[in-house]
Amino acid sequence: MSAERQSLARNMSAPPRTTLTFSPLAPQTGASGDAVADGAGLSLVCRLDFGSLLPKCYERTIGRDGSLEVRGPDDYVRVAYAYARAEQDERKRPTRATYSHARVATVEALADELRDLAAGVALSGAGLPPFGLLVPTHGIKRAAEASLCRTIAILARRRGTVFLRDADPIVWSALDWRAFDLWAPVAAPGRPA
């Protein structure tokens, strides 16, 4: 019997072909009093609070007067649809026809309509960054975005805690009752944004 020759080992001492360097985005940020912004190189874009934009009656039941009941995620879609349509039609309240449609249509059909509504809201010309981070509010009081349609459009482009302005909208991720602050990276002085 003859012993098999071992293959030659590769030379692992060769230097790497790629080097990584790290630098802070904004090393000289001031003391704004916000733990997220201070020293992190982030700039606040807006606060998104979907739940605060709906009337407080969303907690009540569907009554004979046509008000909607919210008990779970399906009902959030129904309420969001009714009030987003009202905002789109420049009304303060949904019409009875909108309430009726929201009550009898399937949740999937309403979510598709909300997705189309979110896709129709232009975000690139609205001063929103191509990339952002959605961070919980940490109890700091700020004014929230006033438009329900725009809030849904921004939150529908959420992927976890990342905002991608040009992503396809996903309505289910928009209908979250937690409030978020949208932060955008700030370029360090002398560096491109």
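The values are calculated or read from the model by the stated rules, or taken from the named source; none is laboratory data. Owing to the predicted nature of the structure, the values given are computational and were not obtained by experimental measurement. Positions of Cβ are generated from backbone atoms using ideal geometry, with glycine treated the same way; all protein chains shown enter the neighbour counts.
Can you tell me which condition THR161 does not meet? The list is (1) exposed (fewer than 13 other Cβ atoms within 10 Å of the Cβ); (2) within 19 Å of VAL79 (Cβ to Cβ), and all the others hold.
Only one criterion in (1) exposed (fewer than 13 other Cβ atoms within 10 Å of the Cβ); (2) within 19 Å of VAL79 (Cβ to Cβ) is unmet by THR161, namely (2).
Is one or more of the residues making up region 79-88 within 16 Å of the chain's Cα centre (by Cα) and at pLDDT below 90?
yes
Of the residues that make up region 82-89, is at least one touching a residue at least 12 places away in the same chain (Cβ under 8 Å) and among the acidic types (Asp, Glu)?
yes
Can you tell which of ARG159, ARG96, ARG165, ARG115 is more than 17 Å from ASP49 (Cβ to Cβ) and touching a Gly at 6+ places or on another chain (Cβ under 7 Å)? Write out each step before concluding.
Numbers: ARG159 fails: touching a Gly at 6+ places or on another chain (Cβ under 7 Å); ARG165 fails: touching a Gly at 6+ places or on another chain (Cβ under 7 Å); ARG115 fails: touching a Gly at 6+ places or on another chain (Cβ under 7 Å).
Only one candidate passes the filter, namely ARG96.
Test of understanding: among LEU133, LEU42, which residue is at pLDDT 85 or above, surrounded by 14 or more Cβ atoms within 10 Å (Cβ to Cβ), within 22 Å of THR161 (Cα to Cα) and not charged (D, E, K, R)? Steps first, answer last, please.
Values: LEU42 fails: at pLDDT 85 or above.
None of the others qualify; the one that does is LEU133.
Residues are listed down the side, and each one gets a yes or a no for (1) outside any helix (DSSP H, G or I); (2) within 28 Å of the chain's Cα centre (by Cα); (3) at pLDDT 90 or above; (4) of a type in the set (A, V, I, L, M, F, W, C):
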{"residue": "ALA3", "(1), (2), (3), (4)": "yes, no, no, yes"}
{"residue": "GLN6", "(1), (2), (3), (4)": "yes, no, no, no"}
{"residue": "PHE22", "(1), (2), (3), (4)": "yes, yes, no, yes"}
{"residue": "ALA26", "(1), (2), (3), (4)": "yes, yes, no, yes"}
{"residue": "GLY33", "(1), (2), (3), (4)": "yes, yes, no, no"}
{"residue": "THR61", "(1), (2), (3), (4)": "yes, no, no, no"}
{"residue": "GLU69", "(1), (2), (3), (4)": "yes, yes, no, no"}
{"residue": "ALA109", "(1), (2), (3), (4)": "no, yes, yes, yes"}
{"residue": "GLU113", "(1), (2), (3), (4)": "no, yes, yes, no"}
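Within region 124-168, which residues are under 12 Å from the mean Cα position of the chain (by Cα) and of a type in the set (A, V, I, L, M)?
LEU128, LEU133, LEU134, VAL135, ILE152, ALA153, ILE154, LEU155, ALA156, VAL162, LEU164, ALA167
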